[in-house]
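Engineer: Sharing a structure below in structure tokens format, with a few things to ask.
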Amino acid sequence: MQIKIEKTKNPKQKPDQSNLGFGKYFTDHMFIVDYAEGKGWHDARIIPYQPLSLDPATSVFHYGQAIFEGMKAYLSAEGKILLFRPRKNMERINSSDDRMSMPLIDVDFGVEAIKTLVKLDRDWIPTADGTSLYIRPFIISTDPALGVRASNTYKFIIILSPVGAYYPQGIAPVKIYVEPEYVRAVRGGTGYAKAAGNYAGSMKAQSIAAKKGYVQVLWLDGVERKYIEEVGAMNVFFKVKGEVVTPALEGSILPGITRESVIFLLKHWGMKVSERKISIHELQEAHNKGELEEAFGTGTAAVISPIGELSWNGSRMVLNYGNTGDVAHKLYDMLTGIQFGRLKDEFGWTVKVE
Ligand SMILES: *Cc1c(COP(=O)(O)O)cnc(C)c1O
């Protein structure tokens, strides 16, 4: 499919690179392609960044068929633009699409659309250390009619946002609150999809945790409220007596691309890794015996987020004296090294935007 390009006549002023934050500024252009039942995806175009005009009855506002992805474009020291495993994001968008009864997108076409947009707005990729261009592809249902059923029309849109370094002062641990009451997802539900509704349902627990002074919530399973699931928008890993463990993918957690890359690297380094059920009681016991050596989250935004403290049921487990563990540090250096093109990519993970 051909992508038509309409360039902006009023380029925006670029934001101050020392104060980008996350998701506050958007580039000059956006990508859109429409879908209609019987016609398929059509009319792919890049246009000046602008608001959408939608009928108040539009399906997505009422029944929430909305999914998204999150990835980054990195600028290397030699000025090359690199994407990290972009096909994985497009494969996952299709898995989310399928779960939400939304139409699939050709993986290569999706990657091509991302590359074309990033290339056009390449001057927006920030150059300061650790900064990058966040890429947000998303799909919404657009039938302008009420009635609970899958929409017949959709829009797949990509927007870009220059973002600051996640750790301006260097990688640092966070405090996490283990949520005792609310749950995020159940097996058979939509937890494995990057579906907008999953995040709407998680905000109440998030704000309770924030009031108590914790940055993120660690979710327990929706049935027994006992097994570890994941953290906010991150998967989670623990190092217990030398072995790295992470919850297995059983349908309720998001299959993170960072998670997959971390498991691969740990095995590549010859470490013992297992994907299995981990109960909060097992962690508490390991902590009491001094065997819970490290914990960290994994996701595109932070890459690796060391956990310095877990609060569960009134007790506080301080991990690794509240410092970043060795495994977390090594993973962070390796992954960010590959992403920014500082280290040789021996696994073929990075894709150049020509
Ligand atoms: C996006 C996301 C992750 C991390 O996925 P990555 O592909 O590693 O960025 C983990 N959990 C949830 C709930 C997410 O939304």
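The values are calculated or read from the model by the stated rules, or taken from the named source; none is laboratory data. A quick note: this is a predicted structure, and the numbers were derived from the prediction, not measured. Glycine gets a Cβ as well: all are built from the backbone with ideal geometry, and neighbour counts include every protein chain shown. What goes into the accessible areas is simple: the full protein's heavy atoms, side chains included, and nothing from ligands, DNA or RNA. Shrake-Rupley method; radii C 1.70, N 1.55, O 1.52, S 1.80 Å.
Engineer: From the square roots a ≥ b ≥ c of the eigenvalues of the alpha-carbon gyration tensor of segment 204-354, which class results: rounded (a/c under 1.5), prolate (a/b over b/c), or oblate?
Structural biologist: Prolate shape, in that a/c is at least 1.5 and a/b is the bigger ratio.
Engineer: Near residue 352, which aspartates and glutamates are there with a Cα under 13 Å away, not counting those fewer than 8 places off in the same chain?
Structural biologist: 78, 112
Engineer: Now for a different question. So if R0 is 35 Å, what FRET efficiency would residue 106 and residue 169 give, r being the distance between their Cβ atoms, rounded to the nearest 0.05? Each step should come with its number before you reach the end.
Structural biologist: Values: r = 42 Å, r/R0 = 1.19.
Between residue 106 and residue 169 the formula returns 0.25.
Engineer: To continue, here is another question. Return a whole-number percent for the relative contact order of the chain, with Cα pairs under 8 Å and 6 or more residues apart as the contact set.
Structural biologist: Working: 735 pairs, mean separation 64.7, N = 354.
Worked out over the chain, it gives 18 percent.
Engineer: Can you compute the modelled spin-label distance between residue 136 and residue 37, with each label point 7 Å from Cα toward Cβ, in nm?
Structural biologist: 3.0
Engineer: So between residue 241 and residue 119, what do we pick up on full extension, going 0.36 nm a residue minus the alpha carbon distance? Working shown, then result.
Structural biologist: Values: separation 122, 0.36 × 122 = 43.92 nm, distance 4.63 nm.
Separation in residues times 0.36 nm, less the Cα-Cα distance, equals 39.3 nm.
Engineer: Separate question: Could I get the Rg over Rh figure for the chain? Both from C-alpha atoms, Rh via Kirkwood, rounded to two places. Don't jump to the answer; show the numbers that get you there.
Structural biologist: On the way: Rg = 20.7 Å, Rh = 21.4 Å.
Rg/Rh for the chain comes to 0.97.
Engineer: Can I ask one more? Around residue 142, with a cut-off of 11 angstrom between Cβ atoms, what is the net charge of the other residues, counting Lys and Arg +1 and Asp and Glu -1? Could you put the intermediate results ahead of the total?
Structural biologist: Working: positive: 155; negative: 34, 55, 143.
Residues close to residue 142 contribute a combined charge of -2.
Engineer: So what is the relative contact order of segment 4-163, in percent, for Cα pairs below 8 Å that sit 6 or more residues apart?
Structural biologist: Working: 303 pairs, mean separation 54.6, N = 160.
After rounding, I find 34 percent.
Engineer: Lys/Arg Cβ at +1, Asp/Glu Cβ at -1, dipole of the chain taken about the Cα centre: which of 140, 278, 188 is farthest positive-ward?
Structural biologist: 140
Engineer: Another question about this same structure. Given a 1.4 angstrom probe, what's the average accessible area per residue across the chain, in square angstrom? Before the final figure, lay out each step's value.
Structural biologist: Details: 16190 Å² over 354 residues.
Averaged over the residues of the chain, the accessible area is 46 Å².
Engineer: Residue 80 to residue 9: FRET efficiency via 1/(1 + (r/R0)^6), r the Cβ-Cβ distance, R0 25 Å, to the nearest 0.05? Write down the numbers at each step before the final one.
Structural biologist: Numbers: r = 29 Å, r/R0 = 1.17.
Once rounded, the FRET efficiency stands at 0.30.
Engineer: While we're on this one: Does segment 4-163 classify as rounded, prolate or oblate by the C-alpha gyration tensor (a ≥ b ≥ c root eigenvalues; a/c under 1.5 gives rounded; else a/b over b/c gives prolate, otherwise oblate)?
Structural biologist: Details: a/c = 2.01, a/b = 1.70, b/c = 1.18.
In terms of gyration-tensor shape, prolate.
Engineer: In straight Cα distance, which lysines are under 26 Å from residue 204, not counting same-chain residues fewer than 8 positions off?
Structural biologist: Answer for residue 204, where 26 Å is the Cα cut-off: 24, 175, 194, 212, 226, 277, listed by chain and number.
Engineer: Here's something else I'd like to know. For the chain, which whole percent of the accessible surface, found with a 1.4 angstrom probe, sits on carbon and sulfur atoms? Numbers along the way, then the final one.
Structural biologist: On the way: 8100 of 16190 Å².
Roughly 50 percent of what the probe reaches on the chain is carbon or sulfur.
Engineer: Which whole-number percent gives the relative contact order of segment 174-339, counting Cα pairs below 8 Å spaced six or more residues apart? It would help to have the intermediate numbers written out before the result.
Structural biologist: Working: 311 pairs, mean separation 39.6, N = 166.
RCO, segment 174-339: 24 percent.
Engineer: Assuming R0 = 51 Å, can you tell me the calculated FRET efficiency for the pair residue 50 and residue 277, based on Cβ-Cβ distance, to the nearest 0.05?
Structural biologist: Working: r = 47 Å, r/R0 = 0.92.
Efficiency for this residue pair is about 0.60.
Engineer: Also, quick follow-up: Along the charge dipole of segment 4-163, pointing to its positive end and built from +1/-1 on Cβ of Lys, Arg, Asp and Glu, which listed residue (95, 159, 53) has its Cα farthest out?
Structural biologist: Final value for the positive-end residue is 159.
Engineer: Here's another thing I want to ask about it. Within the chain, which whole H helices from DSSP have a Cα span along their axis of at least 18 Å and a mean Kyte-Doolittle hydropathy of -0.5 or more, if any?
Structural biologist: Within the chain the helices that satisfy the rule are 107-120, 326-339.
Engineer: Hey, what number do you get for the chain at 222 nm if only DSSP H runs of n ≥ 4 count, each worth -39500 (n - 2.57), divided across all residues, to the nearest 500? Spell out each step's value before the answer.
Structural biologist: On the way: 8 runs with 82 residues, N = 354.
My calculation for the chain gives -7000 deg cm²/dmol from helical runs alone.
Engineer: Which shape class applies to segment 165-249: rounded if a/c is under 1.5, otherwise prolate when a/b exceeds b/c and oblate if not, where a ≥ b ≥ c are the square roots of the Cα gyration tensor eigenvalues?
Structural biologist: oblate
Engineer: Which aspartates and glutamates, on any chain, are close to residue 14 with Cα under 16 Å apart, when same-chain ones fewer than 8 places away are left out?
Structural biologist: Result set, ordered by chain and number: 28, 121, 123.
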